[in-house]
Each structure stands twice: as structure tokens, then as C-alpha cells.
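To keep things clear, I will list the structure first and then write my remarks on it.
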């Protein structure tokens, strides 16, 4: 487009996103989404939307203050359920199978998700990660 101001704002927004991503740790949600997307060719945004409530539920016991803040922000007694309900109200896809995840790939995805150590507020447990993927 010829709208220089709009392009400038878009570039600034992209830069801000890069700064944020460059200064924080990538935990379970991000790792799972990239593992699932890269291994099974799942769409990026939809995979993040589907996995987020499940990853949040996994980490909930380790981050009660963050969960309380999220709950307040979205007006839900349970942050992870509230995010799931929000996605449902918005008409988002709610299951990995809806974006092409094969059930036969759950074990492979769980193995890959715990292969390389990375920061996460709750220790990564292979069977619990497998259950998370199966629920999603």
C-alpha cells in the first residue's frame, strides 16, 4: 500500500513483538506449538489458539499468581477454562484434530516436546505432556 503511516505503524508493531520475544523465555506453550506445527505441518496461529488453554492448565499449579491475574483479566474463575471458552465464543477451532493433527502422532509429539531442555515454570513430565496433547 502507499499508506506510509500505516506501514510505519505495522513495522513498529512487528519490531515491538520481536523485542518482546527476544527478552522472554519460551516455555511449554511455545515449544509445543512449534513441535506440533513443524512435525505435523499444522497451521501456526490455530495451533497456538488450541494449545494455549491446555498449556496454561499444565503450568497452573506452578504459577498461581499469574493464573489469578489472568482469571481477573478475562473475568473467569478458571484462567485456562476461560481462555478455552473465549476461543469457543469466537468460533476458533478447539481441537488439534481439526487442524490436521493425527492421533497416531501424539506419542511422537510428547517425546519431541521433552527432548531438549528448556525453561518452564513446572517441570516437564513426558506422560503429563502426552496427556495434554491428547486432550488438545
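Quick notes on this structure:
- Counting only alpha carbon atoms, the long axis of helix 64-74 and the longest principal axis of the chain meet at about 50°.
- Euclidean distance of C-alpha centroids, the range 64-101 and the range 20-54, integer Å: 15
- D_trans [Stokes-Einstein, Kirkwood Rh over alpha-carbon pairs] for the range 1-85, 4 °C, 1.567 mPa s, µm² s⁻¹: 87
- Max-minus-min Cα coordinates of the range 26-135 on each principal axis give 36, 32, 20 Å, with the largest extent listed first.
- Relative contact order [Cα under 8 Å, 6+ residues apart], the range 26-135, whole percent: 35
- Taking the C-alpha atoms only, the angle from helix 79-89 to the longest principal axis of the chain is near 60 degrees.
- Of all the options 14, 73, 117, the one that moves most in a Gaussian network model of the chain with Cα springs shorter than 10 angstrom is 14.
- Using alpha-carbon coordinates, inclination of helix 126-135 to the longest axis of the chain, degrees: 70
- For 114, 63, 24, the sequence from fewest to most other C-beta atoms within 10 Å is 24, 63, 114.
- Residue-averaged 222 nm ellipticity for the chain, from DSSP H runs of 4+ at -39500 (n - 2.57), nearest 500: -20500 deg cm²/dmol
Every number in this text was worked out from the coordinates using simple rules, so none of it is lab data. Predicted, not measured: the structure shown is a model, and the values here were computed from it. Note that we place each Cβ from the backbone using ideal geometry, even for glycine, and neighbour counts take in every protein chain shown.
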